[in-house]
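Contents: one structure, followed by commentary.
The values are calculated or read from the model by the stated rules, or taken from the named source; none is laboratory data. Values in this document were obtained by computation on a predicted structure and should not be read as measured data. Don't worry about glycine lacking a Cβ; one is built from the backbone with ideal geometry, like all the others, and counts go over all protein chains shown. The accessibility values were calculated without ligands, DNA or RNA, using every heavy atom of the protein model including side chains. Shrake-Rupley method; radii C 1.70, N 1.55, O 1.52, S 1.80 Å.
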Amino acid sequence: MSYLTDQDKAFFKENGFLVVRSALDSQIVAAAQDVFWSHVTEMDPDIQRADPETWTDKGYQTVPCGSESEIKNLVYEDPIFTMAEEMVGQGLLNEDGGVGPHVNFPRPGQKWNPPKHGHLDGYHTPTNGVPKGTVGQFTLGATVYLSQVEAQGGGFTVWPGSHKVWAEFFRYHDVDCLPGGVAPFNLGDGHEFTGQPGDICFWHGMMTHTAGHNVSRNVRIACIARLRRKDLEQIRYDFSEDIWKYWEGIN
């Protein structure tokens, strides 16, 4: 039995992302939430899971628990990994990797300011740890929510169709010509992924994205994985006219 329909795949091909609601069982989500909050309170004892007043104005943080089995299994087990293979192809993705929790703490009282632009991952900036002169690449992103994320709540934001723009762009430009991974042209408006714990957003590896501004009262907890084809190093510079050349499940 397949998880994704032909309509799901067609939507992904056109827009570069796909949201699947209630993708994960509530017990799996609860186990991951427990691990996440235990690491957060160790990092900052002032942050209390049951007290939203302690969440405000903590900024944007990553929590180093992405290698814990309860977190990794969100993506690298059935059903989400199976869904990913239904798009990329059976047996073609690396079956292990981190699923880093990214936390967008609330800043209530601030005016909503939708992000004007996003970025492609893997490009050097002064603060992201990517070495100068290198470009990291991956095949398919997966963003799983462990919290309720409402509109203007710091949701993971994508630019629909940007995967097709970049596929054309890199046919004529070197892959390392993009400082910070930010487009030198207007890609239009972003789309904020809102949802409940256990919802997932799949997104193409060449999808412009960012985190929105969180002016809600909820903390946004997103576990983000970047899945790679096993042969990515051999094909990473092949920007074919057919953007889906290496997506056997989509074709």
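Kindly provide the set of residues from the stretch 39-56 that are open to solvent by 30 Å² or more (accessible area, probe 1.4 Å), under 15 Å from Arg217 (Cβ atoms) and part of a helix (DSSP H, G or I), ordered by number.
Residues satisfying the conditions are Pro52, Glu53.
Do any strands (runs of 3 or more DSSP E) entirely within the stretch 194-240 hold 3 or more residues that are buried (at least 17 other Cβ atoms within 10 Å of the Cβ), at pLDDT 95 or above and among the basic types (Lys, Arg), and if so, which?
Filter on the stretch 194-240 gives an empty set.
Could you check the stretch 57-67 and list, in sequence order, the residues that are in a loop (DSSP other than H, G, I, E, B), touching a His at 6+ places or on another chain (Cβ under 8 Å) and open to solvent by 50 Å² or more (accessible area, probe 1.4 Å)?
Pro64
With respect to Ser22, determine if the residue is part of a loop (DSSP other than H, G, I, E, B), closer than 16 Å to Phe202 by Cβ and open to solvent by 30 Å² or more (accessible area, probe 1.4 Å).
The answer is yes for Ser22.
Take Ala151 and decide whether it is part of a loop (DSSP other than H, G, I, E, B) and within 29 Å of Glu53 (Cα to Cα).
For Ala151, the condition - part of a loop (DSSP other than H, G, I, E, B) and within 29 Å of Glu53 (Cα to Cα) - is met.
Residues that are under 18 Å from Phe138 (Cα atoms) and either open to solvent by 40 Å² or more (accessible area, probe 1.4 Å) or modelled with pLDDT under 95 (or both): does the stretch 28-38 have at least one?
no
Given (1) part of a loop (DSSP other than H, G, I, E, B); (2) small (Gly, Ala, Ser); (3) in contact with a Gly (Cβ under 9 Å, 6 or more places away or on another chain), where does Ala84 come up short, assuming only one miss?
Ala84 satisfies every listed condition except (1).
Mind checking which pairs have a first residue in the stretch 50-68 that is at positive phi and a second that is open to solvent by 30 Å² or more (accessible area, probe 1.4 Å), Cβ under 7 Å, 6 or more apart or different chains?
Listed by first residue and then by second, the contacts come to Asp57/Arg107.
Every residue in the stretch 57-73 that is more than 18 Å from Ala222 (Cβ to Cβ) and of a type outside the set (D, E, K, R), please.
Taking the stretch 57-73 first, the residues more than 18 Å from Ala222 (Cβ to Cβ) are 57, 69.
Of everything in the stretch 57-73, just one residue is more than 18 Å from Ala222 (Cβ to Cβ) and of a type outside the set (D, E, K, R), namely Ser69.
Quick one: in the stretch 69-93, which of the residues that are without any contact (Cβ under 8 Å) to a residue 60 or more places away in the chain and of a type in the set (D, E, K, R) is least open to solvent (accessible area, probe 1.4 Å)?
Lys72
Yes or no, residue by residue, for (1) open to solvent by less than 20 Å² (accessible area, probe 1.4 Å); (2) hydroxyl-bearing (Ser, Thr, Tyr):
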{"site": "Val144", "(1), (2)": "yes, no"}
{"site": "Gln148", "(1), (2)": "no, no"}
{"site": "Gln152", "(1), (2)": "no, no"}
{"site": "Gly161", "(1), (2)": "yes, no"}
{"site": "Tyr172", "(1), (2)": "no, yes"}
{"site": "Cys177", "(1), (2)": "no, no"}
{"site": "Gly181", "(1), (2)": "yes, no"}
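Restricting to the stretch 11-46, give me the number of residues that are within 17 Å of His191 (Cβ to Cβ) and among the aliphatic types (A, V, I, L, M).
So the count comes out to 3.
Residues being without any contact (Cβ under 8 Å) to a residue 60 or more places away in the chain and of a type outside the set (Phe, Trp, Tyr): count how many of those fall in the stretch 1-27.
Here the count works out to 7.
Among the residues of the stretch 55-77, are any closer than 30 Å to Trp244 by Cβ, among the hydroxyl-bearing types (Ser, Thr, Tyr) and at pLDDT 95 or above?
Yes: one or more hits.
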